[in-house]
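Take a look at the structure below.
What follows is calculated from the coordinates using simple rules that are stated; it is not laboratory data. Not measured: the values here are computed from a predicted model. With ideal geometry, Cβ positions are generated from the backbone for all residues, glycine too; neighbour counts draw on all protein chains shown.
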Amino acid sequence: MKLTKLTALAATTALCAPMAFAEDMANEMTIVSWGGAYSKSQLKAYHEPYSANTGVTILNDDSSAEAVAKLRAMNEAGNVTWDVVDVVAADAMRLCDEGLALEIDADTQLAAAPDGTSASEDFGELLVSECFIPQIVYSTTFGYRTDMVGDNAPTSVCAIFDTEAYPGKRSLEKRSINNMEWALICDGVAKEDVYDVLETSEGQDRALAKLDTIKDDVIWWSAGADTPQLLADGEVVMGSTYNGRLFSVIEEQKQPVAMLWDAQVFDLDGWIIPAGLSPERQARALDYIMFATDTQRLADQAKYISYGPARASSAPLVGQHAELGIDMAPHMPTDPNNAQNTFLFNYEFWADYRDDIETKFQAWLAK
Amino acid sequence: MTDTAATGGPVLAADGTPLKKSLARALRIQKLRALALIAPLLIFVLVSFIIPIGTMLSRSVANDLVADTLPLTVVALESWDAESGELPDEPVYAAFVTDMVAAIAVKRHTRLGTRLNYEQTGMSSLFRKSGRKIKKLDPAADAPFKDTLIGINKDWGDVETWKVLKTHSVRITNGYFLNAIDMRRTPEGAQAQPEDKQILVTLFQRTLIMSLVITASCIVLGYPVAWILANLPARTANVLMILVLLPFWTSLLVRTSAWKVMLQQQGVINEVLVWVGLVADDARLVMINNQFGTIVAMTHILLPFMILPMYSVMQTIKPTYVRAAKSMGATDWTAFWRIYFPLSVPGIGAGSILVFILAIGYYITPEIVGGTKGVFISNRIAYHISSSLNWGLAAALGAILLAVVLILYWAYDKIVGIDNVKLG
């Protein structure tokens, strides 16, 4: 009698275990991202299928641009209202350093590739921080007006410094990151030496001196939508921005603009989970991340926006644009044709030198 | 008094208590009732305004992170002479390892690295990378640590690293305020920042000058409009008033972006000028992404704040005054300048204070149309709040800005008199 009771109990426990697990997760979550076409691509590729599978309500908040400051404020107030946050890799590193993001173990908490390759191997070097789950590879690169350069289409990034061959304004981001590297490359520094040179104060002066040669010809942007607008208006002959924005100007709006992929700077965007969530919410966030960063989901996102999936195993699955019906592979920054000459962004370097170089850069700008 | 003297005791109220006491109680109840009436507002202002601003401003001097994270090290460093040029001794290193092991367990060491990186480049990665290795050390068993630490990262064998730690270990620091005026805290006292990092004082000056120019152009443009509004029949004036208020109801971003379309080189104004032939096609005017752009856009946005107080003051000026002056032989100009204008000054004063104080803290418009030379100090504050996370410096900049506004307000009160300001 006693035995049967025990067995029955054990059986019920065993049956209930998976159920109880699901019940231990929150039924609602807030996901923070960048808004616009980017959030839409995530909605289609991740949120909608996840909600359909689990019945979880997903709320969107387009606050990624201020995510670091807001998370810090939420953490100090002891009330973190976000469950999953989309940030660039450099911000993820900051959040991790500040203890504001959860550390993730790629191999146990992320899905393996379909062929069994472990997540840490599949993402490879892109796992730049313990707290960061990469999602896409994007690049900051140049677009130019095809009707303003005549037969002399630029092939090198150094065209931005060549005001004789390409008269007119150019647009650059109003910050030191990327601009300093391009300036040094065009001043004759070898790609692999750029950060060694930029470490020194002479190197920083050298980069600023190079930028000084075109200072009067530059419109400085601070929002990713600025350069596409300036190109469409013919205000600038060429300008830097994120490759997905240029894709939209060229393929969706059919403007006379072309890509200059030379010396594009790869950067990463991905997820972090805020530290200090309640166990149910954290379990839900981890479950979402496991789903949203698997091989198929990352490949799906590329149907809606021209950013490369962060997993090596996703690349062969990239198909056509959902609305335009064009092949997306040639528009990926990681496509071999586009990635002939790329520049690898050094996160460790900028985490250290950002405060210093940015101050010098802004002082130079204000002069 | 005579009554008291006559009866030889205190005057009593009807219920037998002394009148003085009874009166005091009645007054107290009245005061409490008055307080209860304003209590909602008072609590609201306290909770939503004074406490947040106070805590934010207190960050400009608070510097607990170093002393809280490395308590033993800070004490051990006290006996070390930063000027000696010699590395600290083993006890400092031992204290440091003990502190770090505790800090790494709660992941505070990287926060400290970020904090110290504002002062010395490289601290961020020094703490992050060293943390991974120090974690494995045992503060009790693995001593001595001096050579071990220098082996982990040679920067622990650099006097500068320890100097920075010691300099910024105080709990109340003037470091952020020094940074805010292009100086820095060093073991040898306050020193100027290197020239290529000086920017904030320039920005403060620029903010002040541009705000003054914006206020002045608002006066020049707003005065005639307010005058016309005040002197038209009420029905026409009301219609025109809607035109003044209309921009108020439009999003700030929309108005700023509209100026972009107007002013840029391929924009409406340049296109018209080229079409008319006033400007050559290859010499289009540069009217945006500079100070001119900021001044134009902000003048437009702040103009209603100038016109409204002017208008309400001018409405109260009786037309008979000007007529009387003219009847006594004053020319139009004299009647305006000697009679009408002095009467309208309180409106100008109110409008100017409003516009100037709004302008000095403006952020979004300079960011969009200001280019490199047309940005304000608030753009740097925003950068330090949301990008560099140097909230201490942002708070110090904010505190200085607040002080500048208060000083100018005080000066205005001394020169013009705040009683002379009328909103209607």
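The figures follow:
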read-out	value
Estimated distance in nm for a label pair at B:Ala258 and B:Ala143, the labels positioned 7 Å out from Cα along Cα-to-Cβ	7.4
Percent of Cα-Cα distances greater than 32 Å, calculated over chain B	61
Under-5 Å amide H pairs with A:Lys169, H placed in peptide plane, nonlocal only	A:Val237
10 Å Cβ neighbours from other chains, averaged over peptide B:362-369	1
Inter-label distance for A:Leu43 and B:Leu278, nm, one decimal - labels placed 7 Å from Cα along Cα-to-Cβ	4.5
Derived scalar couplings ³J(HN,Hα) [the stretch A:268-277; Karplus, 6.51 cos²θ - 1.76 cosθ + 1.60; whole Hz; x for Gly, Pro]	10, 10, x, 9, 9, 10, x, 6, x, 7
Peptide A:353-365 - average C-beta neighbours from other chains (10 Å radius)	6
Candidates B:Lys136, B:Lys154, B:Lys31: whichever shows maximal mean-square fluctuation once chain B is modelled as a Gaussian network with Cα springs under 10 Å	B:Lys31
The stretch B:139-209: mean projected area of Cα convex hull, nm²	7.2
Residue-span extension gain [B:Leu232 to B:Leu212] - 0.36 nm each, minus C-alpha spacing	4.2 nm
Estimated vicinal HN-Hα couplings, Hz - the stretch B:170-176 in sequence order (Karplus 6.51, -1.76, 1.60; Gly, Pro = x)	5, 7, 10, 10, 9, x, 5
Phi to ³J(HN,Hα) by Karplus 6.51 cos²θ - 1.76 cosθ + 1.60 over the stretch A:148-154, Hz, x for Gly, Pro	9, 9, x, 8, 9, 4, x
Interchain or long-range residues, amide H under 5 Å from A:Phe345's placed H	A:Phe266
Point-to-point label distance, B:Ile181-A:Asp107, nm (Cα→Cβ direction, 7 Å offset)	5.7
0 to 90° range, to nearest 10: angle between helix B:252-263 axis and chain B longest Cα axis	80
At R0 = 45 Å, FRET efficiency that the Cβ-Cβ distance of A:Thr146 and A:Leu59 yields, to 0.05	0.60
Estimated FRET transfer efficiency when R0 is 41 angstrom, pair B:Val201-A:Glu280 (beta carbons, to 0.05)	0.20
Exercise: per-residue mean of other protein chain Cβ atoms within 10 Å, A:64-72	3
With Cα atoms, 0 to 90° folded angle of helix B:291-315 axis to chain B main axis	40
Folded to 0 to 90 degrees: helix B:391-415 orientation relative to chain B principal axis, Cα	30
Directionally averaged shadow of the stretch B:5-58, computed from the convex hull of its alpha-carbon atoms, nm²	6.4
Under-5 Å amide H pairs with A:Cys131, H placed in peptide plane, nonlocal only	A:Ile104
For peptides A:105-118, A:38-51, sequence by mean Cβ density within 10 Å, most packed first	A:38-51, A:105-118
Above-threshold pairs, the threshold being 30 Å between Cα atoms, out of B:Lys133/B:Lys163; A:Lys40/B:Lys107; A:Lys254/A:Lys303; A:Lys174/B:Lys166; B:Lys20/B:Lys414	A:Lys40/B:Lys107; A:Lys174/B:Lys166; B:Lys20/B:Lys414
Percent breakdown of C-alpha pair distances by 5 Å bin, ordered from the shortest bin, for the stretch B:71-153	3, 15, 23, 27, 24, 7, 1
Evaluated at q = 0.07, 0.11 Å⁻¹: base-10 log I(q)/I(0), Debye formula over Cα of the protein assembly as shown	-0.68, -1.38
Spatial separation of Cα centroids for the stretch B:288-328 and the stretch B:161-192, in angstrom	47
Efficiency of FRET from Cβ geometry, B:Ser79 and B:Ala34, R₀ 56 Å, rounded to 0.05	0.45
Tail weight of P(r) past 21 Å, computed on alpha-carbon pairs of the stretch B:1-96, percent	69
Paramagnetic reach from A:Glu199 in the stretch B:116-141 [backbone N under 16 Å; point 7 Å along Cα→Cβ]	B:121-127, B:129-130
Whole-angstrom gap from the stretch A:69-115 to the stretch A:178-229, using each part's C-alpha centre	30
